[in-house]
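Right, one structure below, let's go through it.
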Amino acid sequence: MSTTADLVSALKHELKAARMTYADLAVAMGMAESSIKRMLAKGDMPLSRIDAICRALKLDFADLARRVADAQPLLAQLTQEQERAVVADKKLLLVAICVLSQWTLEQIVASYRLTEAECIGYLAQLDRIGIIELRPLNRYRLKLAKAFRWRPHGPVMDYFRDNALLDYFSGGFDGAGEGLLLVHGSVSRSLAPSFMERMQRVAQDFAQQHLADQKLQDKDREGYTLLLAMRSWEFEAFGALRR
């Protein structure tokens, strides 16, 4: 959540971008330059002062607030409570997965049995949870980092283990563009992280290609789910045979 200090910091940036000195601002606001310096140095002022500075900069307060929101750090992971809220409603989880793929409201409604009003309601819930920032005309900004991942043992991954894992692996993986690779081996512990880094790059490439291909027509795109995993593991039946 943005604080007054964040707004003041953004104002300082806007003053610099506009090449407006503290002396210029003091004249525009009818204040002493020393008072302006003290006010901005303290980093805490009433919203009426912030609004006055916006007027001096010819900057709309809503634009300033949006820039502050855009500058907030993106989330690499949700809390247990946030994930629990997402999985509490199957349709909300569906919309959450769609926004992770940067689908528009129109794309979601066209693809699933959701009314526009329902979908807007779910977007509003995701805004309250903290996954997106809902904007005018039902557009949104995703507040999750590129390296975002669900909690390994959190509510969302538990839901997929219980409800989707067997369904996913029941496929033949023999269609066009499909494949399933199962590789087992013993490697140096020091090299294992480098393999994970490569897998993460593949995942990021896949996500970026998804975004780039949104300009294509639906008939030229196909939905795929990429699953990458690596862990120190032995099949339970084999482990039972160990000496």
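The values are calculated or read from the model by the stated rules, or taken from the named source; none is laboratory data. Predicted model only: the values in this text are computed from it and were never measured. Don't worry about glycine lacking a Cβ; one is built from the backbone with ideal geometry, like all the others, and counts go over all protein chains shown. When the accessible area is computed, the model is the full protein with side chains, heavy atoms only, and any ligands, DNA or RNA have been set aside. Shrake-Rupley method; radii C 1.70, N 1.55, O 1.52, S 1.80 Å.
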Q. Say the dipole of the chain comes from +1 at the beta carbon of Lys and Arg and -1 at that of Asp and Glu; which of LEU142, VAL183, LEU15 then lies farthest toward its positive end?
A. LEU15
Q: Kindly provide the helix-only [θ] at 222 nm of the chain, computed as the sum of -39,500 (n - 2.57) over DSSP H runs of four or more divided by all residues, to the nearest 500 deg cm²/dmol?
A: -16000 deg cm²/dmol
**Q.** Simple Cβ-charge dipole of the chain, Lys/Arg +1 and Asp/Glu -1, about Cα centre, in debye nearest 20
**A.** 880 debye
Q | Residue-level accessible surface for TYR122, protein heavy atoms, 1.4 Å, Å² | A | 30 Å²
Q) Residues of the chain: accessible area per residue at 1.4 Å, in Å²? A) 71 Å²
Q) How many nm is it between the label spots at ALA117 and ASP220, if each spot is 7 Å from the Cα in line with the beta carbon? A) 3.7 nm
Q. Going by the alpha-carbon gyration tensor, a ≥ b ≥ c the square roots of its eigenvalues, is segment 181-243 rounded (a/c under 1.5) or, if a/c is not under 1.5, prolate (a/b greater than b/c) versus oblate?
A. oblate
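With a 1.4 Å probe and all protein chains in place, put ASP220, ASP89 in order of accessible area, largest first.
Highest to lowest solvent-accessible surface, that is ASP220, ASP89.
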(Q) Could you report the accessible area of PHE235 in Å², rounded to 10, computed with a 1.4 Å probe on the protein chains as they sit in the structure? (A) 100 Å²
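Using a 1.4 Å probe over the heavy atoms of the protein chains, calculate the carbon and sulfur portion of the accessible area of the chain as a whole percent.
For the chain, the apolar C and S fraction of the accessible surface comes to 55 percent.
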**Q.** Entries in LYS58/LYS215; LYS143/LYS215; LYS16/LYS146; LYS16/LYS143 that, when Cα-Cα distance is taken, lie over 24 Å
**A.** LYS58/LYS215; LYS16/LYS146; LYS16/LYS143
Q: Give, in nm to one decimal, the length gained when the segment between LEU137 and HIS153 is fully stretched (0.36 nm per residue of separation minus the Cα-Cα distance).
A: 2.2 nm
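Take peptides 59-69, 181-191 and line them up by average Cβ neighbours within 10 Å, highest first, as a rough protection proxy.
Averaged packing, sorted descending, gives the order 59-69, 181-191.
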Q. How about LYS91: which aspartates and glutamates have a C-alpha closer than 18 Å to its C-alpha, ignoring those fewer than 8 places off in the same chain?
A. GLU81, GLU83, GLU106, GLU116, GLU118, ASP127, ASP158, ASP162
Q. Any idea which of LEU211, LEU57, PHE238 is furthest toward the positive side of the dipole for the chain, if Lys and Arg beta-carbons carry +1 and Asp and Glu beta-carbons -1?
A. LEU57
Q) At a probe radius of 1.4 Å, what is the per-residue accessible area of MET196, in Å² to the nearest 10? A) 70 Å²
Q.
With Rg/Rh (Cα atoms, Kirkwood Rh) as the read-out, I listed (i) 0.98; (ii) 1.10; (iii) 0.96; which label goes with the value calculated from this structure?
A. (ii)
